[in-house]
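Heads up, the thing below is written out as structure tokens.
Derivation of every value follows stated rules applied to the coordinates shown; laboratory data play no part. Being a predicted model, the structure only gives us computed values, none of them experimental. Backbone-built Cβ (ideal geometry, glycine too); neighbour counts: all protein chains shown.
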Amino acid sequence: MLMNIIEISNLSKQFKDKVIFSDVNLEIEKGEFILLKGDSGAGKSTLLNIIGGIEKPDSGEIIINNKNVNKLKAKEQARFYRKEVGFIFQDFYLHPHLNVSENISLAGVFANLAQKEVDERVGKITKVLKIEDILKSKIDEISGGQAERVCIARAIFMSPSIILADEPTNNLDEKNAENAVKILHTISKAMNITVIISSHNQMVERYADRIIKLSGGVIS
């Protein structure tokens, strides 16, 4: 029997007088590879941010891995999201003063992981993603395609149940865009990680188990 990793009930959000979405209900299974579609300004990023704990909903309930995240205290919620959810942002948000290895392992520092474990995780992940030769490089010394792989490595560093990717192909050429989506799809299926990608890129549809559309504040 498949398990729901995410259950959203009656979720609503608005900014000032603009309703972003209202009474959204959504169930997503463990290991699903989801494409979230919608026009610019439809609320895709806001929905991902709420699922990932970056923003708060105005109302509604979010259950992730059988935990009602709304009811967790602040510190407990921070620990929970650090373990359960990996984020990939459209603008990378890599720290320019840190090298590749340090960017990837930053979550491990906040989680107080032993240095030996940090090094082992970085080694395994970067070998799979074929970026082990740039670990000491600064961010301005690597290509856009490599930067996207660094973002993927950072997202999976804590072995999350969920990866949320907000327009991850936006800053990439066609070849690197498809490579990034292929990598995410492979990771999703190999590690049974739920991946939700918001994207306008039609190429992503070929990899999606399911397409969810957000339009006019409604999920379909």
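Summary of computed values
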quantity	calculated
Tally, over region 189-220, of residues that are among the small types (Gly, Ala, Ser) and more than 23 Å from residue 24 (Cβ to Cβ)	1
Selected residue (only one of 137, 188, 199 is out of contact with any helix residue (DSSP H, G or I) (no Cβ under 7 Å at 6 or more places or on another chain), touching a residue at least 12 places away in the same chain (Cβ under 8 Å) and closer than 19 Å to residue 93 by Cβ)	199
Residue 56 being under 23 Å from residue 198 (Cα atoms), touching a helix residue (DSSP H, G or I) at 6+ places or on another chain (Cβ under 8 Å), without any contact (Cβ under 8 Å) to a residue 24 or more places away in the chain and not in a strand (DSSP E or B)	yes
Qualifying positions in region 12-53 - of a type in the set (A, V, I, L, M) and touching a helix residue (DSSP H, G or I) at 6+ places or on another chain (Cβ under 7 Å)	20, 35, 36
Scope region 91-133; condition among the small types (Gly, Ala, Ser), closer than 21 Å to residue 187 by Cα and touching a residue at least 12 places away in the same chain (Cβ under 8 Å); matching residues	101, 105, 107, 108
Filtered residues of region 182-204 (kept if over 28 Å from residue 110 (Cβ atoms) and out of contact with any strand residue (DSSP E or B) (no Cβ under 6 Å at 6 or more places or on another chain))	182, 189, 199, 200, 201, 202, 203
Residue among 54, 63 that alone is more than 21 Å from residue 152 (Cα to Cα), within 18 Å of the chain's Cα centre (by Cα) and surrounded by fewer than 20 Cβ atoms within 10 Å (Cβ to Cβ)	63
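One line per residue, one yes/no per condition, for (1) of a type in the set (Ser, Thr, Tyr); (2) in a helix (DSSP H, G or I):
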{"residue": "76", "(1), (2)": "no, yes"}
{"residue": "79", "(1), (2)": "no, yes"}
{"residue": "83", "(1), (2)": "no, yes"}
{"residue": "87", "(1), (2)": "no, no"}
{"residue": "90", "(1), (2)": "no, no"}
{"residue": "94", "(1), (2)": "no, no"}
{"residue": "97", "(1), (2)": "no, no"}
{"residue": "101", "(1), (2)": "yes, yes"}
{"residue": "107", "(1), (2)": "no, yes"}
